[in-house]
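Taking it in order: structure first as structure tokens, then the write-up.
Read-outs: derived from the displayed coordinates by stated rules, not from any lab. Since this is a predicted model, take the numbers as computed values, not measurements. We place every Cβ from the backbone using ideal geometry, glycine too, and count neighbours over all the protein chains shown.
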Amino acid sequence: MTTHHIAFWNVENLFGPENHAPRIPWVANAVRRDLEGWTEALYNTKLDQLARVITAMNGGAGPDILGVCEVEDAFVLRDLVGRVDAGTGRKYDVVHANNDRDRRGIDTAFVYDTARYTVDTRTVFNHFVIRRTGTRDILQATFRTPEGRELVCLVNHWPSRSGGATESAGFRAVAGETLAYWHGRIREEAADGDRTCVLALGDMNDDPWDPSVRFNANATRERGDVERSRSPRFYNLSWEFLEWTSQTRTGTTRTLDGTLYFRGDGNVFDQILAARPLLDAEDAAFKLVEGSAGPEVIPDMISHRVGEGPIRFGLPRGDVTNVDTTGYSDHVPVSVTLREGPDIAV
């Protein structure tokens, strides 16, 4: 039976080098200070580090579909894809839409294996999370297999906690409502209706237990509630990997309790949400492979010091000592595996 490896990663400030020719003028002004000293060499090292992790996913075969956030534009994403192509032997393409409303111009996007899927541009939508001071976005695309089965994916990057978690919570509540609204609309408009397979991935900047995820996005840890629900709800797979073990670069094994760390505390901001058909619908196009959801890391990504978690690459901001060329991102990637076909047993 055909399986599909779907992943997400916040690649942490993947900007082109300081002299990046395609850079939009207002973005250049917004990130000028951050990118002082961001040379072509540092940019290429960052790409190499990211590609090393991506090609290691899925047992070294690379992901079938990868959602990403914090990329500057399609140009840097294609630079990254070229390295992943070389490392995996696959041919990937990009689904991308410019977000000209974010204050730094960072985007969400998908990378996908062109031998396994087609994407009709008419099924690509960029849903803006409207707020007072700029916005983040949710990118939606439908991936169609050669057998004609369709998987709708939404890659999320919700507003940050800048200014304080409590003070900014309303912005993420709006993001959760936006995701929930479009989940409902997808079911209304799709030919399969409530049998439509929908997977939402992303950096929510909130934990699975926060109200924006539980109530606004309608994503729960209670799988049975989702299976019984006739309304659009998500099962939040990130509850299944709240504690996971990983080998560090020093060879020791440790338990981490987050997909990123802030001031020594772990948060599970990087999440995967599955709609009901992926759990129990007998005639669904795809089914969740039980126990397959979780972070994907290589040992070098994880600090050997307690409470540090993933090792970030950073930006120079005028001082190259702010960059750790042995780092990767301040987030770890997460993934899940699906089986294709309505007659599968799970």
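List every residue whose amide H lies under 5 Å from the amide H of Phe234, counting only residues 5 or more places away in sequence or on a different chain, with H placed 1.01 Å from N in the peptide plane.
When sequence neighbours closer than 5 places are left aside, the close amide H contacts are Ala219, Thr220.
Using θ = phi - 60° and the Karplus form 6.51 cos²θ - 1.76 cosθ + 1.60, what ³J(HN,Hα) does each residue of the stretch 284-298 get, whole Hz, x for Gly and Pro?
Computed from phi, the couplings for the stretch 284-298 are 6, 5, 9, 10, 5, 7, 4, x, 8, 7, x, x, 10, 9, 10 Hz.
How many angstrom lie between the Cα centre of the stretch 263-309 and the Cα centre of the stretch 107-185?
With the stretch 263-309 and the stretch 107-185 each reduced to a Cα centre, they are spaced 17 Å.
Arranged by the count of other C-beta atoms within 10 angstrom, fewest first, what order do Met57, Met301, Met204, Met1 take?
Result, fewest neighbours first: Met1, Met57, Met301, Met204.
Going by how many other beta carbons lie within 10 Å of each one, how would you line up Glu227, Glu147, Glu240, fewest first?
The fewest-first ordering by Cβ neighbours comes to Glu147, Glu227, Glu240.
In whole Hz, what ³J(HN,Hα) sequence does the stretch 265-275 give by Karplus (6.51, -1.76, 1.60; θ = phi - 60°), x for Gly and Pro?
So the J values, rounded to whole Hz, are 9, x, 10, 10, 7, 8, 10, 10, 10, 10, 6.
At a 10 Å Cβ-Cβ cut-off, how would you order Lys287, Lys46, Lys91, fewest neighbours first?
Listed from fewest to most nearby Cβ atoms, that is Lys91, Lys287, Lys46.
With r defined as the distance between the Cβ atoms of Arg317 and Ala61 and R0 fixed at 41 Å, what FRET efficiency is calculated, to the nearest 0.05?
Result of the calculation: an efficiency of 0.65.
Taking 0.36 nm per intervening residue step and subtracting the Cα-Cα distance, what contour gain separates Thr39 from Trp26 on full extension? Numbers along the way, then the final one.
Numbers: separation 13, 0.36 × 13 = 4.68 nm, distance 2.00 nm.
Full extension from Thr39 to Trp26 adds 2.7 nm.
Under 5 Å between amide H atoms, partner at least 5 residues away or on a different chain: which partners does Trp38 have, H built in plane at 1.01 Å?
Glu18
Please report, in debye to the nearest 20, how large the charge dipole of the stretch 3-340 is about its Cα centre when each Lys and Arg carries +1 at its beta carbon and each Asp and Glu carries -1 there.
The calculated dipole for the stretch 3-340 is roughly 320 debye.
Classify the chain: rounded, prolate or oblate, from the alpha-carbon gyration tensor (a ≥ b ≥ c, eigenvalue square roots; a/c under 1.5 rounded; otherwise prolate if a/b is larger than b/c)?
Numbers: a/c = 1.40, a/b = 1.37, b/c = 1.02.
The shape class here is rounded.
Would you mind calculating the relative contact order of the stretch 3-340 from Cα pairs under 8 angstrom and at least 6 residues apart, reporting the percent as a whole number?
Contact order relative to length: 19 percent.
For Phe262, list long-range residues whose amide hydrogen, built 1.01 Å from N in the peptide plane, is under 5 Å from its own amide hydrogen.
The list, which skips near neighbours in sequence, is Asn267.
Between Glu227 and Arg52, what is the label-point separation in nm under the 7 Å Cα-to-beta-carbon projection?
4.2 nm
Output ³J(HN,Hα) for the stretch 3-17: one whole-Hz value per residue in order, computed from phi by the Karplus curve 6.51 cos²θ - 1.76 cosθ + 1.60 with θ = phi - 60°, and x for Gly and Pro.
10, 10, 9, 10, 10, 9, 8, 7, 8, 6, 6, 7, 9, x, x
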